[in-house]
Structures are given as C-alpha cells and as structure tokens.
Amino acid sequence: MFTIGIETSCDETSCAVLKNDKVLSNVTLSSLRQHKKYGGVIPEIATRAHLKNIDKVFTVSLKEAGIILHDIDLIAVTNKPGLMGALVIGLNFAKALAVSLNKPLIGINHLHAHIFAPFLNNARRIKFPFIGLIVSGGHSEIYLVNDFDKMRLVGATRDDACGEVYDKIARFLGLGYPGGPVIDKLFEEKYKDAFKFKCGRVGFDLSFSGIKTAVIYKKEEIAKKEKITPDIIKRLISSFQASAMNTITRTVVEAAEEYKVKRIVCGGGVIANRYLRRKLCEQESAGFKIILPSFEYTTDNAAMVAGLGFYLYNKKGIQHDIGKLEAEPN
Ligand code: KG4
Ligand code: ZN
C-alpha cells in the first residue's frame, strides 16, 4: 500500500511516499530563507511559498519513490494545528487528489505526527501506553498516549513554546533565525550555571516566557556596564538552554512517574537539540526508555504525516469525509 503524506502547516512544504511503513521519499522545501530577515515565520510569505511549490514537491516525491500518480492508495494530510492559510493549501491539494483518484483521505494532527516520527521505517515496535513529549517551534506538550487515537494532553506551555523562545532569544542577541540550531552549536557546558535563569512550571505545564525576559534583561543589565562579547553571549545562551532543557526533562520524567509508564517518546524540532537528547537519554539509568526520532524526522516533514496516516487507516480504520474535513489552525 502506498501512502502519500502532505505537510504545509508552517514554513515547510513537504510530501512523502511510504510503502506500508517504509519511507520511499520525503521531499521538503522550506521558505525559511524568506523569513530570516523578519526573525520569524510570516504567514503570508509561507502561504504563497506553499502555493508556488506544492505541485513541484509532490511530483519530485513520486519520482524519488519510483511510483506514478495512480499507484497512490491513501492520502494523509496535516489539517491541524498550524497557520490557517498554509494548512488550506495542503488540505485542498490533498482533497483534489482524493477526489480525482477516488482514494481515501485522512486528516492528521501535526503534533501527533511528531510523536509518530520515531516509529517510521518500523525502527521501533509501537507499544502503548507511553508518555509523548512534543517540543517544537509552536508547541511544548506532554501527552499520555494509550494509542494514536487515544492521546490525552497532560501538560502544555502556558505561554510561549520552547522553540519560539529559542528563536526570540537568538533574534534579540543578533544570532539569526532559526535560533535553535545556532544556540545548540554555541552552547558550552562549562557556562551552564553562569547565570541563574529559572524556567517556569505549574504541575506538568511549562512556561518559557519568564526565562526569555530574564535573558533579555540580563543582557541589557550587562550592556550598561561593559561591551557584550561573544563569551558573554555564550554564557547567556548556555545558562538559558541548560535551565529550559533540564526543566523539560524533569517535567516529562515526573509525568511518566505519575502515570506509571516507563516509555517516553519524543518529537518536534527542538528534539534535534544535542543537550536535550543527552539529558533525556541520561534518564535511562533510572529505568526509563527514551525513544527519539532520527535527526531527519525531528523538524517538520511529511513522512511522519504519512506514517501516522497509514497507521490510523490500517490499524484503526479511520478516514475522513472529503467534504467535511477542515483546516483547524488551533
Ligand atoms: O517542529 P518544528 O520543525 O516546527 C514546528 O512545528 O513548530 O520546530 C521548529 C523549531 C524552531 O523554533 C527551531 O528553532 C527549533 O525547532 N529547533 C531547535 C533545534 N533545531 C530546530 N531548537 C533547539 N535546538 C536545535 N538543535
Ligand atoms: Zn512541527
């Protein structure tokens, strides 16, 4: 069975082809460069880029997979959450495919797809229940996952998402966009306690807005007294990263303890972060099983959408009515 996955929720136009659970192609074109000068994703620019690129990306994904249009058996598309205009481009493209090929259509929650990413290519056996951790540009969430159609939200961010704060801090410090990969690279362990930054938490909910403000104020305070050197920047971002990532790790472990599960499955752009991956993996010595996606499936991609689509259709018999499936931005 061939599944085509379509992902246009933010700034990546992505199409992937799976043969059962194996990824045959995963083609992504990002409009990231066009957003760089604004320091964040501009919805109008992202939407126009999807419109311009989607048929190209789709055609290349079929070609790389070595299949033709009529080989497609199932169409999986991200219909939530994301930028409204961006979602609509992918969703309407998927609907047109489903109508013209007379094939089933399934709408996919982008965040749930991030949690599916580690299971692509049958890399690991899917065993429930587990705790799902999503740390991305738009969301920081913890789920109790009894199945991929039985996901219970147990913790979320109360304000900014973690990736968003990486991007904002990087922009403020003049490090460019996106901030995550730059901060990841500049991070130095020896500076992790240079400043006392504290990341907020209420139960399993997280708050990153306070730590963002604290970093900004600290830099301004220092700038009044001395020149901001690259070394000071490293101290600031290392202290920020250590505090944020240690809080995430502690919170997800406590959620796993609360719900008495040993497995923690992670996904989302920030899961590419080397320090976070290390801190999470250290929890294995306490008996937890940490399941991470490979780097290529951490940031937004259509393979994870196709993978979850195939699972839900095949194992759960889920498909959606073409006329009723809508884009849901939040
Ligand atoms: O999951 P994703 O591709 O898009 C959303 O669904 O939001 O995540 C993008 C976010 C950006 O905020 C980016 O700065 C962050 O992931 N990111 C990282 C790293 N690579 C990407 N954050 C920390 N460390 C990284 N290595
Ligand atoms: Zn994402």
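Each reported figure results from applying straightforward, stated rules to the coordinates on display, with no laboratory input. This is a predicted model, so every value here is computed, not measured. As a convention, Cβ positions derive from the backbone with ideal geometry for all residues, glycine included, and neighbour counts pool all protein chains shown.
What's the extension gain from residue 250 to residue 282 if we count 0.36 nm per residue and subtract their Cα-Cα distance?
Full-extension gain reported as 10.4 nm.
If you average the alpha carbon positions of the range 144-163 and of the range 263-286, how far apart do those two centres end up, in angstrom?
16 Å
In nm, to one decimal, how far is the residue 20 label point from the residue 1 one, both placed 7 Å along Cα→Cβ?
1.1 nm
Please list 3J(HN,Hα) in residue order for the range 307-321, calculated via the Karplus relation 6.51 cos²θ - 1.76 cosθ + 1.60 where θ = phi - 60°; whole Hz, with x for glycine and proline.
Result, rounded to whole Hz: x, 5, x, 4, 4, 5, 6, 6, 8, 10, x, 8, 8, 10, 6.
Under the √(5λ) rule applied to the eigenvalues of the Cα gyration tensor, what semi-axes describe the equivalent ellipsoid of the range 93-151? Give them in Å, descending.
26, 15, 11
What whole-number volume per residue, in cubic angstrom, does the convex hull of the C-alpha atoms of the range 117-175 give?
96 Å³
Need the full-extension length gain, residue 34 to residue 216, defined as separation in residues times 0.36 nm minus the C-alpha distance. One decimal, nm.
Roughly 62.9 nm would be gained on extension.
Can you pull a Stokes-Einstein diffusion coefficient for the range 18-172 at 25 °C (0.890 mPa s), Rh from Kirkwood over Cα pairs, as a whole number of µm²/s?
Result for D is 140 µm²/s.
If you stretched the chain out fully between residue 99 and residue 316, how much longer would it get, using 0.36 nm times the residue separation minus the C-alpha to C-alpha distance?
75.9 nm
Tabulate in residue order the Karplus-calculated ³J(HN,Hα) for the range 172-188, using 6.51 cos²θ - 1.76 cosθ + 1.60 with θ = phi - 60°, rounded to whole Hz; enter x for Gly and Pro.
Rounded to whole hertz, the list is 4, 8, x, 9, x, 10, x, x, x, x, 5, 5, 3, 6, 7, 4, 10.
In Å, what is the Rg of the alpha-carbon atoms in the chain, and how long is Dmax?
Looking at the chain, its Cα Rg and Dmax stand at 20.1, 68 Å.
Normalised by the empirical 2.2 N^0.38 Å for globular proteins, what value does the Cα Rg of the range 126-293 take?
That ratio works out to 1.05.
Among residues other than residue 270 whose Cβ falls under 13 Å from its Cβ, what is the net charge (Lys/Arg +1, Asp/Glu -1)?
-3
Please list, in order along the range 129-142, the HN-Hα scalar couplings obtained from phi with the Karplus expression 6.51 cos²θ - 1.76 cosθ + 1.60 (θ = phi - 60°), rounded to whole Hz, x for Gly and Pro.
x, 8, 8, x, 10, 10, 10, 9, x, x, 9, 9, 9, 10
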